[in-house]
Amino acid sequence: MKTTLFFYFLFFGIIGYSQVKTKVIVVDLGTPHKETIRICEDISCTTPDKCKSKWLSIKAREMVSIKLTNINSVRYTYKIDTKNISFYDKENQANEVFTGALKEANKLSEKNITQMALNPLSIADISGNNKSLNADISNLNNNVDLLYTTLKQKTALEEKDYFNERILLLDEAKRIYAENDALVKDLERFIGKPKYSAVKTELDQTKKEIEKTMKEITQKFYTIELVVYTLPVDVQGKNIDALEFRLHRTDKETKEEDLSFASTPYNIWIKGGFKIDVSAGIFATSLFDDEFDKRDDPAIAGNKIITLKNGGDYDLALGSTINAYVRLNSWVVPTINLGAVFTQNEKIQILFGGGVILGKQERIILTGGISMGKVNRIADSYNVGGSYNLGDSGDVPTQNQFKFGHFFGITYNLSKVKKISLDKGIEQN
């Protein structure tokens, strides 16, 4: 039993650990002079205090979604780069509201027909009542335009700005539709009468007008979005430093973009996961060729005493390193380096060590560690300070030997900051 429970715990623990979280980048467009961007753990977070982040960063294994709040979707179209952002199918939702309103209006019409049967109208009364309905439609359209104009003047919308008003407007439209529909059905009693065709045409035109107004109400006030957000974007496995996005806002009527709105892009830095890039610079290595001198041996004619020139402790070299590090979203990041350099004698040395990366956009790497390569040393059977007959050439015999030393250096990151754009994919910046 205990073994079974252990495996259940292990199985579900692995599943829970492997679940990918989605971080939500919340951009508040209603407070331009305050903190306008924060990071939340999920899309439903509504408490700003719980969504604050000291660093605008996400983990490499997390997905990210962009959420805009305090918007006015009546007045503006919002885009990230070149893509409109909207999660819900608001057009479909408006159509469903319109269809539902028609069904409710038809039910009201049946009640009106029952009441009209108790007090039959003349064909003149039907025409007169329809003219009153046309006046009601005109008044309703004015109220629709007034509310829509009021909403467009706001920078950001709240539900209280329109929620009750849109219900009242739609209810009025349903009332007019129901009364008109009842008049149409009641008019059937006068088929064949002289004025039937003319009045029928009037009633049909009124029905078209009220359907148009009802459609306009649902399209204008039931497609309003108070919050919009993108579907999650996966950045896992991409050798990038940051996620970049730029917001655009366009006036729906003039079709002109507000160039002063969010003029600079947002950068969300990636933390966690390995990042690899390349840097180049100058190095000081303790490995370099020995240089020798010689002087006459006063004790043995023709012999030379070998001496070692003092070349110092280090030699300068130029080269580059491959830097591997864990993203920390910090101005100082430790790194492991593997590289190669050319010494002043044009010999290659291999470097392996560690260091620190300084900076985020422009990065300087301070590094140090082990250097290895072939260098010139005095040949076997010869020693510095010894006396030897060097022959006619007089050259000190040397040989190449593979040696280990140490190095330190300073390099500049050749790999520019890599950003992934929500619209254009990975770009060099």
Does any residue in region 141-170 that is modelled with pLDDT under 95 come within less than 6 Å, Cβ to Cβ, of a residue that is of a type in the set (S, T, N, Q) six or more places away or on a different chain, and which pairs are these?
Lys154/Asn72; Ala156/Asn70; Ala156/Asn72; Leu157/Asn72
From the list Ala178, Ala198, pick out the single residue that is open to solvent by 50 Å² or more (accessible area, probe 1.4 Å) and part of a helix (DSSP H, G or I).
Ala198
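If you take the residues of region 350-380 that are more than 42 Å from the chain's Cα centre (by Cα) and part of a strand (DSSP E or B), which of them is nearest to Lys275 (Cα to Cα)? Talk me through it step by step, then tell me what you get.
Pass one, region 350-380, residues more than 42 Å from the chain's Cα centre (by Cα): 372-380.
Next cut, part of a strand (DSSP E or B) only: 372-378.
Working: Met372: 25, Gly373: 28, Lys374: 31, Val375: 33, Asn376: 37, Arg377: 39, Ile378: 43 Å.
Filtering region 350-380 for residues that are more than 42 Å from the chain's Cα centre (by Cα) and part of a strand (DSSP E or B), the one nearest to Lys275 (Cα to Cα) comes out as Met372.
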Scan region 214-247 residue by residue and report those that are of a type outside the set (S, T, N, Q), open to solvent by less than 40 Å² (accessible area, probe 1.4 Å) and closer than 17 Å to Asp28 by Cβ.
Glu225, Val228, Tyr229, Phe245, Leu247
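Looking only at region 188-195, decide whether some residue is touching a Phe, Trp or Tyr at 6+ places or on another chain (Cβ under 6 Å), over 20 Å from Gly128 (Cβ atoms) and open to solvent by less than 70 Å² (accessible area, probe 1.4 Å).
Narrowing region 188-195 to residues touching a Phe, Trp or Tyr at 6+ places or on another chain (Cβ under 6 Å): 190.
If we keep only those that are over 20 Å from Gly128 (Cβ atoms) as well, we get none.
Within region 188-195, not a single residue is touching a Phe, Trp or Tyr at 6+ places or on another chain (Cβ under 6 Å), over 20 Å from Gly128 (Cβ atoms) and open to solvent by less than 70 Å² (accessible area, probe 1.4 Å).
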Quick one: is Val356 modelled with pLDDT of 80 or more, in contact with a Gly (Cβ under 9 Å, 6 or more places away or on another chain), over 30 Å from Lys79 (Cβ atoms) and not acidic (Asp, Glu)?
no
Filter region 80-99 for residues that are in a helix (DSSP H, G or I) and at pLDDT 75 or above; which is farthest from Val27 (Cα to Cα)?
Thr99
A careful count of residues in region 277-333 that are open to solvent by 70 Å² or more (accessible area, probe 1.4 Å), outside any strand (DSSP E or B) and in contact (Cβ under 8 Å) with a residue 12 or more places away in the chain gives 8
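The values are calculated or read from the model by the stated rules, or taken from the named source; none is laboratory data. From a predicted model like this one, the values you see are computed outputs, not experimental measurements. Methodologically, a virtual Cβ is constructed for each residue, glycine included, from the backbone with ideal geometry; neighbour enumeration extends over all protein chains shown. For accessibility, only protein heavy atoms count, side chains too; no ligands or nucleic acids. Shrake-Rupley method; radii C 1.70, N 1.55, O 1.52, S 1.80 Å.
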